[in-house]
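The values are calculated or read from the model by the stated rules, or taken from the named source; none is laboratory data. The model shown is predicted, which means the values in this text are computed figures rather than measured ones. Backbone-built Cβ (ideal geometry, glycine too); neighbour counts: all protein chains shown. Keep in mind that these areas ignore ligands, DNA and RNA; they rest on the heavy atoms of the full protein, side chains included. Shrake-Rupley method; radii C 1.70, N 1.55, O 1.52, S 1.80 Å.
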Amino acid sequence: MCGTGTDWLDERTIHDALDGVKSPDRGQIDEIIAKSLELKGLSFDDVALLCQTNTDDLLAPVFAAAKRIKEAIYGRRIVLFAPLYISNLCANECLYCAFRRSNGQLVRRALSMGEIRDETLAILDQGHKRVLMVAGESYPGGDFSYVLDAIRAIYETRNRIGDSIRRVNVNVAPLTLEQFRELKDAGIGTYQLFQETYHRETYARVHCAGKKTDYDWRLTGMDRAMRAGIDDVGIGALFGLADWRFDLLGLMMHIRHLEKEFGVGCHTISVPRIEPAVGSEMAAAPPNAVSDRDFRKIVAILRLAVPYTGLIMSTRETAAMRDATLELGVSQISAGSCTDPGGYRDKRDEAAAQFQLGDHRSLAEVIKDLGERGYIPSFCTACYRTGRTGHDFMELAKPGAIKSKCGPNALSTYLEYLINYRPAGLDAQGRNAIRSELICMSTRDQRAAKSLLERVEQGQRDVFC
Ligand code: SAM
Ligand code: SF4
């Protein structure tokens, strides 16, 4: 099988797997759950079986197992980030997206480098350390160097206390091998790209014009990214386009393909659901809308299937749904987000936004709510900066050793946030949470965490292990 080909995405196998099992019995579910609790992941057929699990009595143990796995691997730590939309210009015609070329209702805006620095400052002043840079597929002057300049501008920006963004992840349209190399040289963290749907026929129906009509170019995007040396890649499907079961199995095939070709799968998986978007009839009534129950099922199945892969939940979802899925396996969330270019510095402009947000809370409000539910917010960016990416990351993650890094780093970055940004009413709650978390750690991790915390109290910043 050729690495740049797409024959690994075998639609027939997906259909056969879904048609082959109608509804699994308790014995089959128990067997899969037992296997998942060994934290070694699940096979394609196991996932197909879980997709067909519909009754509450069979789903309850699946949800309970997801919760156990989440706690065993990630503890109570949740990584936070903010999206940074630099431009909503786009030459494509994705029927679900407000940025699509023919949408006359959208107010168009591509930020200048000065405006990108202003947005970065506004994000930094919330307390964020990690951004996901996003753009439509059309760059001012038609030049990809706009994206590279934007990354540089974000990294170079310092706020009044000298803080800067420590990790820029990027979600832009698939690139050539050479452009991916340039992206890698610009120092990005994760390259993120959603296939939207793995179902070719549906893909063709909803992508009507522009480069994005080329399904294969998109499907092979991660191969080129990996070949260019970007070893943290994030995949995803836009749920609501095709049958969610098909796309979940498509994601599984994509992961297995990357593992086979490059020795490591994806670093993260995103599970966006279609949200209403200015000027999009399809976004108002998605062809295969996913119910809240099925959405929780998707998250739980992924947690069982790929326990070490980060699961990302954006502010597309409401606070209630984000809380429900945090329990089931989500490990990273965006917070205090804007999806219109310039929205952090200027007032949010729904007429320039990609889709409507489901969660409008500020970063401080999200952190307060996380704390009340016993979670520890983390602004950690250590892995990427110490070169623990791709294969090296998985080597540490699989035997469970990564927890000894994530735990202490979550506490030190949380304390840094509390001291530097003094979020109203959060100090006592935050410091109590740090104390409680310390008690739960192993002696060795506790020692590492205490040492980092002392250094932060003494005025050092950006300390990590
Ligand atoms: N333009 C690039 C592309 O399409 O790959 C990257 C940026 S695009 C703004 C990021 C993602 O937003 C898309 O991959 C799509 O999954 C998602 N998206 C588009 N419209 C959406 C909607 N109405 N609701 C939720 N997510 C949406
Ligand atoms: Fe453009 Fe991406 Fe939106 Fe499609 S999803 S219209 S490519 S911004």
**OP:** Please indicate, with yes or no, whether at least one residue in the range 25-34 is in a loop (DSSP other than H, G, I, E, B), away from ligand 2 (no atom under 16 Å from the Cβ) and open to solvent by 10 Å² or more (accessible area, probe 1.4 Å).
**Re:** yes
**OP:** Spot the failing condition for G336; the list is (1) closer than 27 Å to R101 by Cβ; (2) touching a residue at least 12 places away in the same chain (Cβ under 8 Å), and only one is missed.
**Re:** (1)
**OP:** Hey, can you tell me all the residues within the range 353-405 that are within 18 Å of G336 (Cβ to Cβ), open to solvent by 30 Å² or more (accessible area, probe 1.4 Å) and either small (G, A, S) or modelled with pLDDT under 80 (or both)?
**Re:** Q354, Q356, S362, A364
Original post:
What number of residues in the range 93-130 are closer than 28 Å to D214 by Cα and more than 10 Å from ligand 1 (Cβ to nearest atom)?
Top reply: 12
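Residue-wise test of (1) over 22 Å from H360 (Cβ atoms); (2) open to solvent by 10 Å² or more (accessible area, probe 1.4 Å); (3) more than 16 Å from ligand 1 (Cβ to nearest atom).
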| site | (1), (2), (3) |
| --- | --- |
| P286 | no, yes, no |
| R293 | yes, yes, yes |
| A300 | yes, no, yes |
| R316 | no, yes, no |
Original post:
Restricting attention to the range 146-166, which residues are in contact (Cβ under 8 Å) with a residue 60 or more places away in the chain, within 12 Å of D125 (Cβ to Cβ) and touching a Lys or Arg at 6+ places or on another chain (Cβ under 8 Å)?
Top reply: D163
**OP:** Look at D46 and say whether it is open to solvent by 60 Å² or more (accessible area, probe 1.4 Å) and assigned to a helix (DSSP H, G or I).
**Re:** no
Original post:
Residue check, I165 against (1) away from ligand 1 (no atom under 16 Å from the Cβ); (2) part of a helix (DSSP H, G or I), all met but one. Which one?
Top reply: (2)
**OP:** Go through the range 112-139 and give me each residue that's under 20 Å from the mean Cα position of the chain (by Cα) and more than 12 Å from ligand 2 (Cβ to nearest atom).
**Re:** T120, I123, L124, Q126, G127, H128, K129, R130, V131, L132, M133
Original post:
If we only count helices (runs of 4 or more DSSP H) wholly inside the range 245-340, which ones have 2 or more residues that are under 17 Å from F194 (Cα atoms) and at pLDDT below 95?
Top reply: none
Subject >> Members of the range 69-111 found to be over 21 Å from the mean Cα position of the chain (by Cα), within 30 Å of F379 (Cα to Cα) and basic (K, R), listed by number >> reply: R109
**OP:** May I ask you to verify whether S138 is open to solvent by 10 Å² or more (accessible area, probe 1.4 Å), among the hydroxyl-bearing types (S, T, Y) and away from ligand 1 (no atom under 13 Å from the Cβ)?
**Re:** no
Subject >> Residues that are open to solvent by 10 Å² or more (accessible area, probe 1.4 Å) and in a loop (DSSP other than H, G, I, E, B), drawn from the range 341-352 >> reply: Y344, R345, D346, K347, R348, D349
**OP:** With the condition kept exactly as written, say whether any residue in the range 117-131 is under 19 Å from Y421 (Cα atoms), open to solvent by 10 Å² or more (accessible area, probe 1.4 Å) and of a type in the set (S, T, N, Q).
**Re:** yes
**OP:** Using the structure shown, decide if S451 is at pLDDT 95 or above and in contact with a Phe, Trp or Tyr (Cβ under 7 Å, 6 or more places away or on another chain).
**Re:** no
Original post:
Mind checking whether some residue in the range 404-418 is in contact (Cβ under 8 Å) with a residue 12 or more places away in the chain, touching a helix residue (DSSP H, G or I) at 6+ places or on another chain (Cβ under 7 Å) and among the β-branched types (V, I, T)?
Top reply: no
